[in-house]
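Below is one structure; the comments refer to it alone.
Coordinate-derived values only; no laboratory data. Keep in mind the model is a prediction, meaning the values are calculated, not measured. Here the Cβ positions follow ideal geometry from the backbone for every residue, glycine too, while neighbour counts run over all protein chains shown.
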Amino acid sequence: MKNNNKENTEKPLVGFFPAFFNIGETAPHVKIAKLYMEKGGKAIFFNHGGPYEYMAKDIGCEVVKLQYLYWNKVANKKKKIPTEEALFKVYKRETIDAFVEEEIEVLKENGVELVMSSFNPTCNISAKVLNIPHVALISGTAMPPYYKSGFATFPENYENVFTKILPSSLKNRITQWYLLNNKMLVRDFNKVAKKYHLKPFRCLTDILLGDHTFVCDDIQFLGVAPSKEFPLENFIGPIIGVNFGKEKELDVDIKNHLKKPGKSIFLTMGSYFDRQLFLKILETLNQTDYKIIVVCTTIVKKENLPEMNDNILVKQFVSSPMAVNKMVDLAITHGGRGTVYTAALSGKPAIGIPLHMEQQYNIDNLVRNGTAIRVSRKFFKSQDLLNAIDTIFSNYNKFLTNAQNLATRLSQADAGEKNAVKRLIEIIQEKNIYNDRKCG
């Protein structure tokens with residue numbers, strides 16, 4: 001029988017391993033940790049590299065610095081490596097071994113009783129060695145049910161002269177098989193797993209998933225069905241709404257800019273994007289008369305941009321991306337999970353220029369719902385972007401109606417962190433019950 005008093009009071013230390021190099025991946029961890037602490041839990045963060053650790057410190061959490069993973073340097077030096085591969089190119093046997101050893105030490109030293117991670121695959125070994133639950137926080141477009149759904153398309157980053165002539169149906173079937181059987185990282189991870197007498201990994205998804213896998217997506221938006229491995233309660237929903245700036249109210253200059261007549265566009269490409277492509281997009285938009293809000297974040301400094309026409313307002317950050325998205329007519333995004341849901345929940349059409357496979361699939365979900373157009377990043381042409389803008393504005397009522405209908409079907413903006421904390425506490429309670437029975 002459950003001890004309700006223990007359920008309500010015992011909320012142990014959770015160790016968070018977000019991808020601190022990406023604000024969209026960091027924010028969900030920070031919001032979950034904040035709410036978990038408000039409910040009486042304890043949280044600590046670990047950083048394998050990235051500038052966004054201040055977000056964890058802002059909510060009063062300690063951040064333990066570990067050995068840094070300089071994956072972005074690999075991506076920058078080897079432009080031919082697709083983004084989805086660049087992240088994993090740095091995980092050599094020696095790196096995996098060193099990270100696991102260090103993680104085991106700091107998790108024990110700090111008394112961590114549950115681990116939550118995203119894009120930190122070594123947690124799948126270190127947590128198992130210590131026999132503590134590991135929760136992986138992922139996008140729904142990065143899990144087997146999505147690959148099996150038939151929605152997974154051939155990644156544009158791998159297109160070439162030869163693949164261009166192949167039928168899309170064939171390429172998509174090959175993609176599905178590969179994603180479900182991808183052996184990337186398996187050999188080196190299994191060498192380290194064997195050292196600790198752990199069960200070997202079969203494929204890459206085994207490494208990326210946890211004992212429990214929380215899906216930061218609305219299941220209706222994904223179009224997949226729950227399963228035993230991915231139960232409905234683990235589809236926690238999107239976690240968005242990060243405020244980049246310090247302002248408590250929407251920036252006054254944005255309000256004033258949008259008072260001008262004509263259609264308006266919000267360009268937001270997250271915190272990590274192809275800088276040269278970003279400049280090409282700006283150059284393209286500079287040819288138009290639309291009212292445009294541009295957010296640079298960490299992609300490029302405002303002062304390093306070329307001169308913009310008066311119809312373009314450039315911001316380093318904005319205090320509330322959601323508020324801006326609701327005020328404009330169209331969003332242009334890279335397809336990150338946060339910006340996609342910001343557009344979707346705002347009920348506005350979008351144009352997506354994805355950097356990698358996961359972002360491609362996020363945009364594809366919008367396209368499937370009739371609210372967006374995907375434009376190629378690898379084969380980017382200014383005219384393609386201008387044509388996409390023209391198509392949406394020429395058929396605006398249709399795109400807007402579809403976008404508004406989608407918004408009404410989606411989870412609320414703050415549902416994700418609430419569901420995540422609820423499930424965390426349930427997992428903790430299950431662990432306590434198991435220990436009680438084992439001792440009894």
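Helix 275-285 and the longest principal axis of the Cα set of the chain meet at an angle near 30°. Neighbour counts of C-beta atoms inside 10 Å place 253, 217, 310, 364 in the sequence 310, 253, 364, 217, starting with the fewest. Between 351, 254, 96, where does the largest GNM mean-square fluctuation fall for the chain, given springs only between Cα atoms within less than 10 Å? In the Gaussian network model the winner is 254. The DSSP beta bridges internal to region 252-409 are antiparallel in roughly 0% of cases. For residue 154, the residues whose amide H sits under 5 Å from its own are 172, ignoring neighbours fewer than 5 places away on the same chain, with H placed 1.01 Å from N.
Magnitude of the Cβ-charge dipole of the chain, K/R +1 and D/E -1, about the Cα centre, nearest 20 debye? Write down the numbers at each step before the final one.
Numbers: 59 positive and 46 negative charges, 166 e Å.
Computed charge dipole of the chain: roughly 800 debye.
When each of the peptides 339-345, 21-27, 371-377 is scored by the mean number of other C-beta atoms lying within 10 Å of its residues, the order from highest to lowest reads 339-345, 21-27, 371-377. Pairs from the list 31/108; 260/301; 92/422; 398/422; 57/302 with a Cα-Cα gap above 28 Å: 92/422; 398/422.
Sort 408, 391, 284, 333 by Cβ crowding within 10 Å, fewest neighbours at the top. Write down the numbers at each step before the final one.
Details: 408 7, 391 14, 284 18, 333 28.
Going from sparsest to densest Cβ surroundings: 408, 391, 284, 333.
Around residue 417, with a cut-off of 10 angstrom between Cβ atoms, what is the net charge of the other residues, counting Lys and Arg +1 and Asp and Glu -1?
Working: positive: 31, 34, 418, 422; negative: 414.
Surrounding charge for residue 417 is +3.
Each of the peptides 28-35, 159-166, 415-422, 51-58 was scored by the mean count of other Cβ atoms within 10 Å over its residues; in descending order, highest first, they stand as 28-35, 415-422, 51-58, 159-166. Karplus-derived 3J(HN,Hα) values for region 342-355, using 6.51 cos²θ - 1.76 cosθ + 1.60 with θ = phi - 60°, are 4, 5, 5, 6, 6, x, 10, x, 8, 10, x, 10, x, 7 Hz; glycine and proline are entered as x. As a length-normalised measure over Cα pairs under 8 Å and 6 or more apart, the relative contact order of the chain settles at 15 percent.
Grab the DSSP H runs of the chain that are 4 residues or longer, score each as -39,500 (n - 2.57), total them, divide by all residues and round the 222 nm result to the nearest 500 deg cm²/dmol.
Numbers: 20 runs with 204 residues, N = 440.
-13500 deg cm²/dmol, from helical runs alone.
Using 0.36 nm per residue and subtracting the Cα-Cα separation, the extra length available between residue 64 and residue 260 on full extension is 65.8 nm.
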